[in-house]
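Here the structure is laid out as structure tokens; the discussion comes afterwards.
The values are calculated or read from the model by the stated rules, or taken from the named source; none is laboratory data. Just so we're clear, the structure is a prediction, and the values are computed from it rather than from any experiment. In this analysis, Cβ positions are derived from the backbone assuming ideal geometry, glycine residues included, and neighbour counts consider all displayed protein chains.
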Amino acid sequence: MSVVVEPPAYELKPYKSLSNEVLAARIRAVKKSLGPELLVLGHHYQQDEVIALSDLRGDSYQLSQAAAENTACRMIAFCGVHFMAETADILVNRPERLAERGGERVPVVLPDLAAGCSMADMAGIEQVEAAWEEMAELIDVNDVTPVTYINSAASLKAFCGKHGGIVCTSSNAKAVLEWAFKRTSRVLFFPDQHLGRNTAFGMGIPLDQMPVWNPHAEEFGGNSADAIRQSKVLLWQGHCSVHAIFKPEHVDLFRNKHPGIRVLVHPECSREVVEKSDIAGSTGKIIREVEAAPPGTKWVIGTELHLVNRLKQEHPEQEIHFLSPIVCMCATMYRIDLAHLCWSLENLAAGTPVNVIRVDDETTRWSLTALERMLEVK
Ligand code: 13P
Ligand code: SF4
């Protein structure tokens, strides 16, 4: 939900005709005038111009942690997608932080409200609640831990909070599933079936104990009652359309053409791709692997294009390829550009914040429970 307190001091339109040089200079000027009061967070999939002006770049976990730990900032501009800004709002404005600031809220601004996540949209709260009720006809849902990937709406995080569940990111999914299996014998994992399947399979759970729940199916998510009764992990039928472009045959092509090449992919890729890779991990892990490799290492990387291109530029001593022959990027991450960033920062500085992401108090309360459980998992 976006809350504009007053009409904005500046309209967006004129910013669109300014050059990136002018916009960057104006953004730097706002950052200088606001100092540590302003925190600009940038996800690794952002375009280079935006990353260059971010105070902190990170994967979803690192950025949530930054929002949870920062006590100096009084405003956040989140260069990422909607669920990330929601998560930052929940963490930075949680009750103890609000009390420390005498009740003052930190506005979290998403420079372009159209920056959503198609995967997050594949699980709606009504669908998940309906699925939960239907599952209860077959299994004891008190013995199911709901786990939501952080790429989900705050309402789903709240659902997890209320039902003894937890949030995970691509960097801690295994630790989170271990946490869940200490409490219950089953897990419902949403919205990304691939992260759920890749992680659970890596922990030794057989594929036939991971039925996929199709929220549009007539009955039991399109499964037999027995499949649900025998399940260990119920996977939601959601996926990332960006990572869906990477196919196992792309891995074969690179391995044939470049013997010895290292294949590095994000766990939002399909099981077949991850199986053929050398390493699968979050965007942060992908970066750390490249940084730690000796010069001359050959890589083919299966994740969002902007990150792969940046790694190519930052590591000319290594040979880096993009795993797909099709150029495919996250179109919603790409919505954040310097025009939107400059416009939102100048309005923040003028005291008329635009595109403020504000999660309602009830949803905040329960999603915080699920997020705090995740931040405590080691
Ligand atoms: P991570 O940065 O946590 O790996 O997530 C990738 C992603 O798809 C974010 O939307
Ligand atoms: Fe969502 Fe995929 Fe884009 Fe990540 S890369 S924000 S999961 S659509």
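Looking only at the stretch 49-62, which residues are touching a residue at least 24 places away in the same chain (Cβ under 8 Å), under 17 Å from Pro36 (Cβ atoms) and touching a helix residue (DSSP H, G or I) at 6+ places or on another chain (Cβ under 6 Å)?
The answer is Leu53, and nothing else.
Can you run down the residue pairs with Cβ atoms below 9 Å, 6 or more apart or on separate chains, where the first is in the stretch 294-319 and at pLDDT 95 or above and the partner is part of a loop (DSSP other than H, G, I, E, B) and aromatic (Phe, Trp, Tyr)?
The qualifying pairs are Gly302/Phe246; Thr303/Tyr45; Thr303/Phe246; Glu304/Tyr45; Leu305/Tyr45; His306/Tyr45; Leu307/Tyr45.
Hey, among Val308, Val273, Val242, Val290, which residue is farther than 10 Å from Leu323 by Cβ and within 16 Å of ligand 2 (Cβ to nearest atom)? Working first, answer last.
On the way: Val308 fails: farther than 10 Å from Leu323 by Cβ; Val273 fails: farther than 10 Å from Leu323 by Cβ; Val290 fails: within 16 Å of ligand 2 (Cβ to nearest atom).
Testing whether each residue is farther than 10 Å from Leu323 by Cβ and within 16 Å of ligand 2 (Cβ to nearest atom) leaves just Val242.
Kindly indicate which of Met122, Met84 is under 15 Å from the mean Cα position of the chain (by Cα), among the hydrophobic types (A, V, I, L, M, F, W, C) and surrounded by fewer than 22 Cβ atoms within 10 Å (Cβ to Cβ).
On the way: Met84 fails: surrounded by fewer than 22 Cβ atoms within 10 Å (Cβ to Cβ).
Selected residue: Met122, the only one of Met122, Met84 that is under 15 Å from the mean Cα position of the chain (by Cα), among the hydrophobic types (A, V, I, L, M, F, W, C) and surrounded by fewer than 22 Cβ atoms within 10 Å (Cβ to Cβ).
Test Cys117 against the stated conditions and say whether it is within 16 Å of ligand 2 (Cβ to nearest atom) and farther than 19 Å from Val354 by Cα. Let's see the steps before the verdict.
Numbers: within 16 Å of ligand 2 (Cβ to nearest atom): yes; farther than 19 Å from Val354 by Cα: yes.
Yes.
Taking Val22 as meeting all but one of (1) surrounded by fewer than 17 Cβ atoms within 10 Å (Cβ to Cβ); (2) under 26 Å from Leu368 (Cβ atoms); (3) aliphatic (A, V, I, L, M), write down the number of the exception.
(2)
If Cys328 meets every condition in (1) out of contact with any helix residue (DSSP H, G or I) (no Cβ under 6 Å at 6 or more places or on another chain); (2) assigned to a loop (DSSP other than H, G, I, E, B) apart from one, which number is that one?
For Cys328, the exception is condition (1).
Report every pair of residues separated by at least 6 positions or lying on different chains whose Cβ atoms are under 8 Å apart, first residue within the stretch 123-138 and touching a residue at least 40 places away in the same chain (Cβ under 8 Å), second surrounded by fewer than 16 Cβ atoms within 10 Å (Cβ to Cβ) and not small (Gly, Ala, Ser).
From the stretch 123-138, the pairs are Glu134/Glu219; Leu138/Arg229.
Run Glu362 past the list (1) closer than 18 Å to Ala158 by Cα; (2) crowded, with 18+ Cβ neighbours inside 10 Å and report the number of the one that doesn't hold.
(2)
Taking the stretch 7-40 as the search range and keeping residues that are touching an Asp or Glu at 6+ places or on another chain (Cβ under 7 Å) and not in a helix (DSSP H, G or I), which one is nearest to ligand 2 (Cβ to nearest atom)?
By that ranking, first place goes to Val40.
How many residues are out of contact with any Asp or Glu (no Cβ under 8 Å at 6 or more places or on another chain) and part of a loop (DSSP other than H, G, I, E, B) when one looks only at the stretch 64-93?
Total meeting the criteria: 4.
Tell me, yes or no, whether the stretch 125-146 has at least one residue that is surrounded by fewer than 24 Cβ atoms within 10 Å (Cβ to Cβ) and within 16 Å of ligand 1 (Cβ to nearest atom).
no
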